[in-house]
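All of the numbers you see were taken from the coordinates with simple rules; none came from a lab. Treat the numbers as computed from the prediction; the structure is a model and nothing was measured. For neighbour counting, all protein chains shown are included, and Cβ atoms are generated from backbone atoms with ideal geometry for every residue, glycine included.
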Amino acid sequence: MKIKILFVAPYAAMKNLIEDCLLEETEIDLHIKMGNLQEGVALAKEAEAQGFDVIISRGGTAKLIGEAVGIPVIDVHVSGYDMLRVFTLANDLPRKKAIVGFSTITLGAKAIIDLLEIPIDIFTIDSESETEPLLSRLKQEGYQLIIGDVVTFETASKLGLIGILLQSGREAIFDSFKEAKMVAQWMLNKRLEIERLKALLQLTAKDFMLISRNGDVVFEQWTAFNSRPIEEISIVLDSMQEGSNGKEISYIKDNNGEMIKIVKSKIATSESSYLFCQFSPKKMNSTSEEIMKVNVLAPPLVIQKSKAMNDCLMMVNRCLSHNRFILHGKRGTEKELIAQYIHYHKTRGNGLFASLKGLDVLDVNLDNIDKDIKTIYIDSIDLLEDGLRDELWGKLDSIKRKGITIIIGMVELQNSTEIYSDDIIRIYIPSLSERKDDLREMVTSFILHFSQTLGTSAIKMKEDGLALLLKYDWPGNVDELKALLKDAVLTEKGYVIEKKLIESLLNQKGLMEVDFSSDFLNGTLEDIEKKIIEKVLEEEEFNQTKAAKRLNINRSTLWRKLKG
């Protein structure tokens, strides 16, 4: 099948030359039409609508056509041979001469004129509208012969000047044929590749939309749904977290009010980025949906300059083939981050990570868990009562056969047969006081995080401020450090966090002890515990669920302690 090409010739002599060259070209279906500038644009638009593969033109006409159509446009260049022919001819005419045109012509002309020392002055224009005023001025200055493109030639003739048209020769015409065939073949290969990808998507992704950054739907395909299930694309875009990587899951209502699941992935190309959204009917029950945080993570940043954290990750990497882990360490030691690290390096990001509290596991139907979830992280099971903890272990055993990795976070290891089972890997997460060598990089990392997410100004901390942080024991570990740095960057309006600010924030910690009255602390430990629970209940407006979560105990334990 021949390549269908429209050649828009801006002047008559070129049409004759093209027809002559076409006698030696058999691989293209070439149509020739006359048209300069906007006339040529109209012809090109018509050709695009008729299914032409490529358009060839020259100079300003080619430039305008390229801006107006979506198919490839080849510009026939004025070669050095073409210029040399015209300059040789003009050199024999004893008149004051000038070449006038766009930089695409004048830059090449200058090199030849300077090399051969031909007495021709050069004037560069940026738009067609500059041509007539410039030639009128040149005429007043005694110029008689003007060399240039079609517009320059016609304007010179209109003003009574001698115009010489810079014409493209046979070499340039054949070069344009060759370039048009190469571009057309490349476009054909790309079209075939796109068709193959579309066919592959029909097999692998049944219901999806590809959305550009500005919210345009680039491509969509629906099989399970009769049509696009949502009307407002902004709902999908707004629910994607800023700066997130990998995949995310969200649940929204479709046009009929039914809940649907959307798995979103960011796709980056060399020129832009897109959101790939796969749609399916909701599969998780409402309780699971409310409790679980589900997403696929990019490689989590774990700072490990210290020996303690390096040893921790070394142990993790040795045991990635296992499916059950217990991460134990003090509160605030980023156990969930290490769980994410395990998840990513086991799945290479090809699975979903779910996180929930130990108490909440009892409310989730794990038999109906989303099939894409490959890792479940459960925190605070050591706060459960023995009976509830046994129930939880039973639920976890029921999904062990599904190949899901279970990671449990605990403050202290409990004496139980489950915790010391042969198929469980126990990994100690060091406290911040054990990994002070990591603190400097942590500070930089958190400052960068807040700058990008909160728009804060601070970008560094002074050494004497860092020294204060290194002296502090950090009983709240990494969580406490992050909270302090957040306070610091929100307070600091400049670019550097000073020692004075760090000193002030650390001093506040010493003043933040709970001011219990002596009466509050009277009585047995059970009496004091009951008073604390009553105080928390009061602050939570007597919402037992919120109070239990705040105290890290379950509702039945809270009720029992109040009754006791």
In nm, spacing of pseudo-spin labels at Ala467 and Glu540 (7 Å Cα→C-beta vector): 4.5 nm
Neighbour-count ranking [beta-carbon atoms within 10 angstrom, fewest first] of Thr444, Thr152, Thr405: Thr444, Thr405, Thr152
Cβ charges +1 (Lys, Arg) and -1 (Asp, Glu), total dipole of the chain, debye: 820 debye
Built amide H within the under 5 Å cut-off of Met461, gap 5+: Ile497
Spacing of the two label points (7 Å from each Cα toward its C-beta) at Leu320 and Ser451, in nm: 3.1 nm
Theoretical ellipticity at 222 nm over the chain - DSSP helices of four or more residues, -39500 (n - 2.57) apiece, nearest 500: -14000 deg cm²/dmol
Under Karplus coefficients 6.51, -1.76 and 1.60, residue-wise ³J(HN,Hα) of the range 466-477 in Hz, glycine/proline x: 4, 4, 5, 5, 5, 7, 6, 7, 6, x, x, 6
In range of the label at Lys253: residues from the range 211-237 whose backbone nitrogen is under 15 Å from the point 7 Å along Cα→Cβ: 230-232, 235
Volume per residue that the Cα convex hull of the range 153-204 spans, once the total is divided by residue count, Å³: 84 Å³
Sequence ranges 168-179, 524-535, ranked by mean other-Cβ count within 10 angstrom, highest first: 168-179, 524-535
Asn189-Glu128 FRET efficiency (beta carbon distance; Förster radius 35 Å; 0.05 resolution): 0.45
DSSP beta bridges in the chain [antiparallel fraction, %, rounded to 5]: 40 percent
Gained length - Lys530 relative to Ala205, 0.36 nm times residue gap less alpha-carbon distance: 111.4 nm
Within-10-Å neighbourhood charge of His77 [Cβ basis; K, R +1; D, E -1]: -4
Calculated FRET value between Asn350 and Glu46, using beta carbons and R₀ = 45 Å, to 0.05: 0.35
Whole-number D in µm²/s for the range 434-510 (Stokes-Einstein; Kirkwood sum over Cα pairs; 4 °C, 1.567 mPa s): 105 µm²/s
Folded to 0 to 90 degrees: helix 80-91 orientation relative to the chain principal axis, Cα: 40 degrees
